[in-house]
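Laboratory data are not the source of any read-out in this text; all were calculated from the coordinates shown. Here the structure is a predicted model, which means the values were calculated and not measured. Every residue, glycine as well, gets a Cβ built from its backbone with ideal geometry; the counts of neighbours run over all protein chains shown.
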Amino acid sequence: MFDEKEVEKQIKYTFKNKSLLKRALTHRSSVKDKKLSNERLEFLGDAVLELVVTEFLINNYPTIDEGKLSKIRAASVNTQTLSNIARKLGLSKYIIVGKSEKKEGIVNNDSILEDTFEAIVGAIYLDRGLEKARRFIEFHLVDTIKAIAEKGIIFDYKTHLQELTQKMFGCLPTYQIVREEGQEHNKTFYCDVFVDNVKYGSGTGKSKKEAEKNAAREAVEKLEKNSV
């Protein structure tokens, strides 16, 4: 059951416009009109996240070049990072899904958890503006950003694979979704990654992006092992 006060306590933010919070938690399976779902808020929140994280990196790491800053930003706002934050906030408990859907499968999907967190960011931006959204984002992401920037923890395997293949083969990797399984809102995707028409990795995930990332990780591990 949706409890506004409980959710606000969890995320440490109180909405002036409570309807924005409910919409941020509304999965498209629960409404006939997609405009009433959280998809538009997720789209907005994604842009706000990128802006805030970019500003934080520019202001706090003046000696790091833009190429590395781009990698740090990508790792700071990727599916793994944002879905982990969503889980820590307990958002899966509050996501509103259609009655005919299996809630457990939907709300534990990394991609949906990521989208929900982004939708909440978008909702806060509309509710009280950029400064409040910035405070919310920095409160939940600063420790992660610092760990990535200062300790070199980079999870962007797709970018790393691209750099490796350009250096080793003079070409870019290509990804192919070879299979999809499951219901519409709870699919599993299977992906292969090729370099110069040779398969170097396979991966699965609850989104195409996650499957590609896991395929890239396997390819990176294989290429780095073979180059030793």
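A few remarks follow.
- Sites residue 168 and residue 93 - FRET efficiency at Förster radius 45 Å, r taken between beta-carbons, to 0.05: 0.50
- Sites residue 225 and residue 63 - FRET efficiency at Förster radius 41 Å, r taken between beta-carbons, to 0.05: 0.80
- The GluC sites (Glu not before Pro) of the range 109-184 meeting both criteria, a DSSP state outside H, G, I, E and B (loop) and at most 10 other C-beta atoms within 10 angstrom of the site's C-beta, are 184.
- With 25 Å as the limit, the listed pairs 88/151; 71/146; 132/209; 132/158 have 132/209; 132/158 beyond it between alpha carbons.
- The chain: C-alpha gyration tensor shape, a/c 1.5 cut-off, then a/b vs b/c: oblate
- Inter-site label distance for residue 204 and residue 143 at 7 Å from Cα along Cβ, in nm: 3.2
- Under a Gaussian network description of the chain, with springs only between Cα atoms under 10 Å, the residue in 160, 27, 185 that fluctuates furthest is 160.
- For the chain, the 222 nm mean residue ellipticity estimated from helices alone, with every DSSP H stretch of n ≥ 4 adding -39500 (n - 2.57) and the total spread over all residues, rounds to -19500 deg cm²/dmol.
- The label point for residue 178 and the one for residue 51, both projected 7 Å from the Cα toward the Cβ, are 4.2 nm apart.
- Relative to the longest principal axis of the Cα atoms of the chain, the long axis of helix 157-169 makes an angle of roughly 20 degrees.
- Inverting the pair-averaged 1/r between distinct Cα atoms of the range 110-155 gives 11.7 Å as its Kirkwood hydrodynamic radius.
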